[in-house]
Amino acid sequence: MTHHDCAHCSSDACATEMLNLAEANSIETAWHRYEKQQPQCGFGSAGLCCRICLKGPCRIDPFGEGPKYGVCGADRDTIVARHLVRMIAAGTAAHSEHGRHIALAMQHISQGELHDYSIRDEAKLYAIAKTLGVATEGRGLLAIVGDLAAITLGDFQNQDYDKPCAWLAASLTPRRVKRLGDLGLLPHNIDASVAQTMSRTHVGCDADPTNLILGGLRVAMADLDGSMLATELSDALFGTPQPVVSAANLGVMKRGAVNIAVNGHNPMLSDIICDVAADLRDEAIAAGAAEGINIIGICCTGHEVMMRHGVPLATNYLSQELPILTGALEAMVVDVQCIMPSLPRIAECFHTQIITTDKHNKISGATHVPFDEHKAVETAKTIIRMAIAAFGRRDPNRVAIPAFKQKSIVGFSAEAVVAALAKVNADDPLKPLVDNVVNGNIQGIVLFVGCNTTKVQQDSAYVDLAKSLAKRNVLVLATGCAAGAFAKAGLMTSEATTQYAGEGLKGVLSAIGTAAGLGGPLPLVMHMGSCVDNSRAVALATALANKLGVDLSDLPLVASAPECMSEKALAIGSWAVTIGLPTHVGSVPPVIGSQIVTKLVTETAKDLVGGYFIVDTDPKSAGDKLYAAIQERRAGLGL
Ligand code: XCC
């Protein structure tokens, strides 16, 4: 194996420590594999390699000297646009499949099945019913659950093309619903939007890049719909997050415990594992683990249980292989999305069990324990007992848990933010936020989303950008692996606010944090949850826009995905643009092979929907551009 400068790979101290260990033991990680992939294909990077039919692959010469058309006649613009919108559709399918799973669970609960689940947050259920126009007066809980499930599943089934998805229509600002409706950008059906995107990008169909990109924005809105319904219904099922003190980074693992990581996205299993772990504590102790069972999170399912149970976060996407290298991980339980197929290969060198659970997703080398929500507790117990058995095979001499972890205050759902603001002004909770935006103590709001990529030093772009914007009094929100980066870097603390926030922002976060009884300022970065939970930020922004009587595209609100990697991140970025946000991406999507597509998403979109992409790999100049976009929005509001 080639030698790495491990500090260059990641800005996370634990990751660097584990990467040095990987080097010493010749264990290959994502960073090693990335190096072996160099140089990566220039045609693919520019989006100019078309693999849609078997006459291909066709390549368009980026410099205009070689072929200009694929065998079918598709030009560079069509090729780039088709592949981009297919990626957005895949992202939409992923988020929405997660949403469907939750919606079906609600339906089954309403039918008296799924005895291991209940509606833990009735207040949230009633709030959703109000939003979706479901009657509650004098009705039983299960009847309401059934109606909500039916309306939600309608978003996967409606065949009336002109009737927009119910969740979007009920949740966005009236102006946004009208604007996107007029443009034909409000999807009628999540599944149909994905299928139609696949259909129109089949060989010989849509060959107009502008039309294709508009289709991409439409299917991206279906991603937002799927995310919204997944988040909101999960809250009803498992509880709406409230601020809780937790911890992040590999130092959360315990030498004396059976360590079980939950990795993936869907809370249907991970939430039950958290509940059941307490019941099996004595079995773990009997097996020699004096500290019992320690559940830790990775990626978005980690955020789901961190936000609701305070479960500590071990790490985020790019470093998901590294907890195994501590020699103290008994099991990693995975479900869907962003799970590295390399995990079983690394686990082979240790005693760790990699357990796949989703009925559609298996990984060779892993043990498959199919998850059935009808037997959720039973499945969770089986998995935990496998981990307890693995503890007996742990080699104590190989245990090397990094000593480092950071305190993290998490759990800022839109409801939790409003509740904190209500401590300042009970009659009009949003007023303190509006007043401080107007008087400039808060210049604007940035939502950090997305992943890690080997193309950026892990977490560094997030940390640099957040510090630079917070210093300029921009309120920072985060979800997904962005939130993981901030938690590990210690930016979800009151101390970080004191250290890094500009004076105006610091004053506001201190006043609210103190009034809300947090014993100090609100954290510098507010953790809003997993990637589907980006809809929480949309809910908060929509409430703000409605209060001001403006549209989302008028707010000094921007989004940034400086280390984005997945197709889901492209879907999120695309709906962020479509709802009107200037949206930064820091790893370049495969679009630069087409000037037309690049111009469409970075410039023309602004006239059409108000939002647009800012592509910039340099956090410093990206921060300046995001800040300038915030100032432009402030000027538009007369601020
Ligand atoms: Fe996946 Fe959600 Fe990206 Fe992280 S941020 S790498 S999509 S786990 Ni969602």
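Determine whether Ala622 is under 24 Å from Ala482 (Cβ atoms) and touching a helix residue (DSSP H, G or I) at 6+ places or on another chain (Cβ under 8 Å). It would help to see each step written out before you state the result.
Working: under 24 Å from Ala482 (Cβ atoms): yes; touching a helix residue (DSSP H, G or I) at 6+ places or on another chain (Cβ under 8 Å): yes.
So Ala622 fits the description; yes.
Scanning segment 522-543 turns up no residue that is away from the ligand (no atom under 16 Å from the Cβ), surrounded by fewer than 20 Cβ atoms within 10 Å (Cβ to Cβ), without any contact (Cβ under 8 Å) to a residue 12 or more places away in the chain and closer than 18 Å to Pro429 by Cβ.
Could you check Asn259 against (1) closer than 30 Å to Pro521 by Cβ; (2) away from the ligand (no atom under 16 Å from the Cβ); (3) in contact with a Leu (Cβ under 6 Å, 6 or more places away or on another chain) and say which number it fails? Evaluating Asn259 over (1) closer than 30 Å to Pro521 by Cβ; (2) away from the ligand (no atom under 16 Å from the Cβ); (3) in contact with a Leu (Cβ under 6 Å, 6 or more places away or on another chain) leaves (1) as the failure. In segment 468-484, the condition of being surrounded by fewer than 22 Cβ atoms within 10 Å (Cβ to Cβ) and touching a strand residue (DSSP E or B) at 6+ places or on another chain (Cβ under 8 Å) is met by no residue.
Against the test of being β-branched (Val, Ile, Thr) and within 25 Å of Gly593 (Cβ to Cβ), the options Thr136, Thr78 yield a single qualifying residue, Thr78. Select, from Ala511, Ala496, Ala478, Ala483, the only residue that is within 16 Å of the ligand (Cβ to nearest atom), at negative phi and in a helix (DSSP H, G or I). That would be Ala483, the only listed residue that is within 16 Å of the ligand (Cβ to nearest atom), at negative phi and in a helix (DSSP H, G or I).
Can you say whether Thr583 is farther than 14 Å from Val446 by Cβ and either in a helix (DSSP H, G or I) or in contact with a helix residue (DSSP H, G or I) (Cβ under 7 Å, 6 or more places away or on another chain) (or both), as far as the supplied structure shows? Break it down stepwise before answering.
Details: farther than 14 Å from Val446 by Cβ: no; either in a helix (DSSP H, G or I) or in contact with a helix residue (DSSP H, G or I) (Cβ under 7 Å, 6 or more places away or on another chain) (or both): yes.
No.
Every residue, every condition in (1) part of a loop (DSSP other than H, G, I, E, B); (2) touching a strand residue (DSSP E or B) at 6+ places or on another chain (Cβ under 9 Å), yes or no:
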{"residue": "Ala543", "(1), (2)": "no, no"}
{"residue": "Lys547", "(1), (2)": "no, no"}
{"residue": "Val550", "(1), (2)": "yes, no"}
{"residue": "Met565", "(1), (2)": "yes, no"}
{"residue": "Leu600", "(1), (2)": "no, no"}
{"residue": "Thr604", "(1), (2)": "no, yes"}
{"residue": "Asp607", "(1), (2)": "no, no"}
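When segment 419-451 is filtered for residues that are of a type in the set (Val, Ile, Thr) and either within 28 Å of the chain's Cα centre (by Cα) or surrounded by fewer than 18 Cβ atoms within 10 Å (Cβ to Cβ) (or both), the ones remaining, listed by number, are Val434, Val437, Val438, Ile442, Ile445, Val446, Val449.
In segment 127-156, the residues that are in the same structural domain as Thr231 (by the TED database) and at positive phi form Cβ pairs under 9 Å with partners that are of a type outside the set (Phe, Trp, Tyr) and outside any loop (DSSP other than H, G, I, E, B), at six or more places apart or across chains, as follows: Gly133/Ile151; Gly133/Ala166; Gly133/Ala170. Of the numbered criteria (1) within 16 Å of the ligand (Cβ to nearest atom); (2) more than 30 Å from His8 (Cβ to Cβ); (3) free of Cβ contacts under 8 Å to residues at least 40 places away in the same chain, the one Gly297 fails is (2).
Identify the residue in segment 452-467 that is of a type outside the set (Lys, Arg) and in a loop (DSSP other than H, G, I, E, B) and, among all such residues, is surrounded by the most Cβ atoms within 10 Å (Cβ to Cβ). Working first, answer last.
If we filter segment 452-467 for residues that are of a type outside the set (Lys, Arg), which is where we start, we get 452-454, 456-466.
Still in the list and also in a loop (DSSP other than H, G, I, E, B): 452-454, 456-457, 459.
Numbers: Asn452: 33, Thr453: 22, Thr454: 20, Val456: 22, Gln457: 17, Asp459: 27.
Going through the qualifying residues, I end up with Asn452.
Consider segment 554-610. How many of its residues are of a type in the set (Gly, Ala, Ser), within 21 Å of Leu186 (Cα to Cα) and surrounded by fewer than 24 Cβ atoms within 10 Å (Cβ to Cβ)? Explain how you work it out, then say what you get.
Within segment 554-610, the first condition is being of a type in the set (Gly, Ala, Ser), and the residues that meet it are 559-561, 566, 569, 571, 573-574, 576, 580, 586-587, 593-594, 605, 610.
Pick out the ones that are also within 21 Å of Leu186 (Cα to Cα) and you get 559, 569, 571, 573-574, 576, 580, 605, 610.
Keeping just the survivors that are surrounded by fewer than 24 Cβ atoms within 10 Å (Cβ to Cβ) gives 605, 610.
Summing the residues that are of a type in the set (Gly, Ala, Ser), within 21 Å of Leu186 (Cα to Cα) and surrounded by fewer than 24 Cβ atoms within 10 Å (Cβ to Cβ) in segment 554-610 gives 2.
Please determine whether any residue of segment 492-508 is more than 19 Å from Leu465 (Cα to Cα) and not assigned by the TED database to the domain that holds Arg179.
Looking for residues that are more than 19 Å from Leu465 (Cα to Cα) and not assigned by the TED database to the domain that holds Arg179, one finds at least one in segment 492-508, hence yes.
From Phe391, Phe412, which residue is buried (at least 16 other Cβ atoms within 10 Å of the Cβ) and under 24 Å from Gly288 (Cβ atoms)? Steps first, please.
Numbers: Phe412 fails: under 24 Å from Gly288 (Cβ atoms).
Answer to the selection: Phe391.
For segment 279-386, the helices (runs of 4 or more DSSP H) that sit wholly inside it and include 2 or more residues that are over 16 Å from Met253 (Cα atoms) are 281-286, 299-309, 343-347.
If only one of Gly519, Gly502, Gly573 is touching a residue at least 24 places away in the same chain (Cβ under 8 Å), away from the ligand (no atom under 16 Å from the Cβ), small (Gly, Ala, Ser) and in contact with a strand residue (DSSP E or B) (Cβ under 9 Å, 6 or more places away or on another chain), which one is it? Explain how you work it out, then say what you get.
Numbers: Gly519 fails: in contact with a strand residue (DSSP E or B) (Cβ under 9 Å, 6 or more places away or on another chain); Gly573 fails: away from the ligand (no atom under 16 Å from the Cβ).
Selected residue: Gly502, the only one of Gly519, Gly502, Gly573 that is touching a residue at least 24 places away in the same chain (Cβ under 8 Å), away from the ligand (no atom under 16 Å from the Cβ), small (Gly, Ala, Ser) and in contact with a strand residue (DSSP E or B) (Cβ under 9 Å, 6 or more places away or on another chain).
Evaluate segment 369-384: report whether one residue or more is within 16 Å of the ligand (Cβ to nearest atom), modelled with pLDDT of 95 or more and within 28 Å of Gly288 (Cα to Cα).
First, pick out the residues of segment 369-384 that are within 16 Å of the ligand (Cβ to nearest atom): none.
Looking through segment 369-384, none of the residues is within 16 Å of the ligand (Cβ to nearest atom), modelled with pLDDT of 95 or more and within 28 Å of Gly288 (Cα to Cα).
Within segment 254-278, the only residue that satisfies the criterion of being charged (D, E, K, R), more than 18 Å from the chain's Cα centre (by Cα) and part of a helix (DSSP H, G or I) is Asp275. Among the residues making up segment 472-525, a single one is among the basic types (Lys, Arg) and over 30 Å from Lys568 (Cα atoms): Lys506.
So, Asp427, is that one assigned to a loop (DSSP other than H, G, I, E, B), away from the ligand (no atom under 13 Å from the Cβ) and of a type in the set (Asp, Glu) or not? Yes; evaluated as a whole, the condition is true for this residue.
The values are calculated or read from the model by the stated rules, or taken from the named source; none is laboratory data. Predicted, not measured: the structure shown is a model, and the values here were computed from it. Because the Cβ atoms are built from the backbone with ideal geometry, glycine has one as well, and the counts that use them run over all protein chains shown.
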